[in-house]
Amino acid sequence: MCYYWEVLYRSEPRDIPMKLIASFALATLLAHASLIGSSKPNILWIITDDQRPDSVSVYNRAVYGTDESPLGYVESPNIDKLAEEGVLFTSAYCNSPACGPSRGSMHSGRYPFRNGHYAFETTHQAADFVTPTTHQTMQTQGYQTAIMGKTGAYIYNYPGYTFDAEGIYGLRLHFKHDLQKNGIGDLYTSVQWGADSKGVHRNLGITENVLYQDGTKRTYFLKRKGDPLTNADRAGKEQSNQEFELLRSYTRGNPDLILGGVNPKPAGETVDAGIVREFKNYLSHANKRYETSWGKAMTGPNTNKPLYINLGFHLPHTPVLPPKSYRDRFAQKAYKVPEFDAAELAKLPPQLAHLYETMKILGTSPEDESAGRAYNAEEVQTAIQDYYAFCAYGDELIGEAVDAFKTYCKENDQDYLIIYTIGDHGWHLGEQGIEAKFGPWRESVKNAALVVSSDKSKFPPGTVYDGLVEFVDFAPTILAAGGTNIEHERFDYLDGFDLEQVFHGGAVDRDYIVGEMNLVIGPRAYLRSKDFAFSMRTRPNNAFPTKDNLNKDIKWALECPPEKAEMALYDLRNDPLERNNVAATAEYAELAEWFRQKLGNIVLGDGRVECDWMERNAYSVSNFAEGAHDHKLVIPGEIIPQI
């Protein structure tokens, strides 16, 4: 889904001179000075896209006491096996419920509000406040680094916002710009560039592309920029609808979004299988030259250097297209559809009501609405079946990747650390009436993570940790494992904590998590604790920062009338599914205001960065409430309603 919003919000590249960041050179010297030994583990960081944690059986056993999701059957034997070898973090919260800002926070270890990265901005490293990615710092520690598959962090080289970005990530094999571009994939959308009728090279629109098993390709436009669709375009789309039993969204946000169907390719031949194939090919050619599946000359890893790889899966992101063997099996399963009604919709502030209207679940076509149906039961069943089937297929591929990585480490007598981030954010399957992400609710922001080490004292096998952790914790975990002294003042920019220290009680015990984004519904921040979930509008309009309005009227959300802040508050003690927004009720008014001040001071006044990314070094830092983010919730007892 994020692809379409990415196209909408991405700025056009501009040729602006590159700034060499001197601090990176300093980081190199400091990092080398802080080495803690010559033996460093190989590190594999797996990230899936839009994956709900309840698609994994071991998570459901830890949280719900059953292998099944609250909605029904799931299948994850390889991930379950991996969990037996390490620690499962069941309350790992993303810091933004969208691909770009979430992954940007993961790779940098900084909150979106301190990154100046709230959506799909084409961020760069020319601005003075920008800090290195994990790959850059790990390179200073002697690591060879690579990123394969889905990246999505939107941290590019400068100028030109180039996609190779090898100076940032090391080796880079991208699922779009390498695999799909070279005929490895299944069904995907892309921006079509070419000459128009006047011979001008420009963006012509968005195409949908089908790659068949026999190597043929079929392409048609979904949207033409400035021109109507042709009869051939419409016929091409309808052919795919019929051929692959595609279930497309009815929402006005993106009516072409594919929420179910059968993959054009069998298991083992999809784009995610291609990602794993290239990963395995790379590892199996240590110290050798070899060719990728499309004939590009490459060199395998140097076994004399430690290895850090981020392996990014595209699944189960849309298009949700499990291979037929998985789809047929899951089609036999019946799922519970989450409850949602008009009463909870009526209590939503305008931002969240707009999210519902833009991303509501299948079946709300004009025909369904005229018939009084909230959703089409058969289509919703199919969407849920296909989603969990796609996740189960991902389990097979993750198992392949983990086995290959362990084999590489064993053959070279090297230790390892494996981190599996179960979704870069969550995904609704009818909760709050939507099939999407982008919200402040549990299904959008609550994920899970697995951490496994060959040194079992670091992350004890078969252990569950249910305390709050955040996605900004992955960067310090990786850096510390690689030998970086993250306690050095050079790394004070890190907002997260080393998960090894968190697990062993050596880091802060968090009372809450925070996050923010600006996509689909405009700027909105959230704070979640064990008992409460709160969110609010942070800026008065939905525009992105420009050099003329950076942090302008930054206290607006703290001082405006409460209704303008569009607050949502859920009492999780008696409303764990977040169906009753109580922010505007008399009983909870004082508590909602308390949360407004707490969250607002954190995201608006404790190191908030707003940046005009189209400029070389145009940004502003707001520190009117420095230190507000103390990880503690000291709520006056008298304003907490009894239940």
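The values are calculated or read from the model by the stated rules, or taken from the named source; none is laboratory data. None of the values given here were measured: they were computed from a predicted structure. As a convention, Cβ positions derive from the backbone with ideal geometry for all residues, glycine included, and neighbour counts pool all protein chains shown. For the accessible areas, the whole protein counts, side chains as well, though only heavy atoms, and no ligand, DNA or RNA atoms are used. Shrake-Rupley method; radii C 1.70, N 1.55, O 1.52, S 1.80 Å.
Applying the set (1) out of contact with any Gly (no Cβ under 9 Å at 6 or more places or on another chain); (2) buried (at least 20 other Cβ atoms within 10 Å of the Cβ); (3) assigned to a loop (DSSP other than H, G, I, E, B) to F459 leaves exactly one unmet item: (1). Taking the range 73-124 as the range and being open to solvent by less than 10 Å² (accessible area, probe 1.4 Å), closer than 25 Å to P461 by Cβ and among the aromatic types (F, W, Y) as the test, only F89 passes. Across the range 566-621, the number of residues qualifying as over 24 Å from A343 (Cβ atoms) and touching a Leu at 6+ places or on another chain (Cβ under 6 Å) comes to 4.
Those residues that are within 20 Å of I258 (Cβ to Cβ) and of a type in the set (G, A, S), I need them from the range 203-231; list them, please. Listed by number, the list holds a single entry, G205. Scanning the range 342-378 for residues that are at pLDDT 95 or above and part of a loop (DSSP other than H, G, I, E, B) yields K347, L348, P349. Across the range 482-529, the qualifying residues are those that are surrounded by 23 or more Cβ atoms within 10 Å (Cβ to Cβ) and among the basic types (K, R), and the one among them that is nearest to D415 (Cα to Cα) is R528. Applying the set (1) on the phi > 0 side of the Ramachandran plot; (2) over 21 Å from the mean Cα position of the chain (by Cα) to Q141 leaves exactly one unmet item: (1).
Are any residues in the range 478-512 of a type in the set (S, T, N, Q) and within 18 Å of G142 (Cβ to Cβ), and if so, which ones?
Correct list: T484, N485.
In the condition set (1) open to solvent by less than 10 Å² (accessible area, probe 1.4 Å); (2) of a type in the set (A, V, I, L, M); (3) at pLDDT 95 or above, A404 is compliant with all but (1). If you go through the range 530-562 and keep only what is touching a strand residue (DSSP E or B) at 6+ places or on another chain (Cβ under 6 Å) and open to solvent by 80 Å² or more (accessible area, probe 1.4 Å), you end up with just K547. Restricting V451, V472 to those that are crowded, with 24+ Cβ neighbours inside 10 Å and part of a strand (DSSP E or B) reduces the list to V451.
Residues that are touching a residue at least 60 places away in the same chain (Cβ under 8 Å), more than 14 Å from C409 (Cα to Cα) and either touching a Ser or Thr at 6+ places or on another chain (Cβ under 8 Å) or open to solvent by 70 Å² or more (accessible area, probe 1.4 Å) (or both) within the range 276-295 comprise just one, E278. When N580 is tested against (1) surrounded by fewer than 21 Cβ atoms within 10 Å (Cβ to Cβ); (2) part of a helix (DSSP H, G or I), just one condition goes unmet, and that condition is (2).
One line per residue, one yes/no per condition, for (1) within 23 Å of V271 (Cα to Cα); (2) out of contact with any Leu (no Cβ under 6 Å at 6 or more places or on another chain); (3) at pLDDT 90 or above:
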residue: G100; (1), (2), (3): yes, yes, yes
residue: R103; (1), (2), (3): yes, yes, yes
residue: A119; (1), (2), (3): no, no, yes
residue: T133; (1), (2), (3): no, yes, yes
residue: Q139; (1), (2), (3): no, yes, yes
residue: Y143; (1), (2), (3): no, yes, yes
residue: K150; (1), (2), (3): yes, yes, yes
residue: F163; (1), (2), (3): yes, yes, no
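Residue count for the range 166-179 under the criterion of being open to solvent by 10 Å² or more (accessible area, probe 1.4 Å) and either more than 23 Å from the chain's Cα centre (by Cα) or not basic (K, R) (or both): the result is 7.
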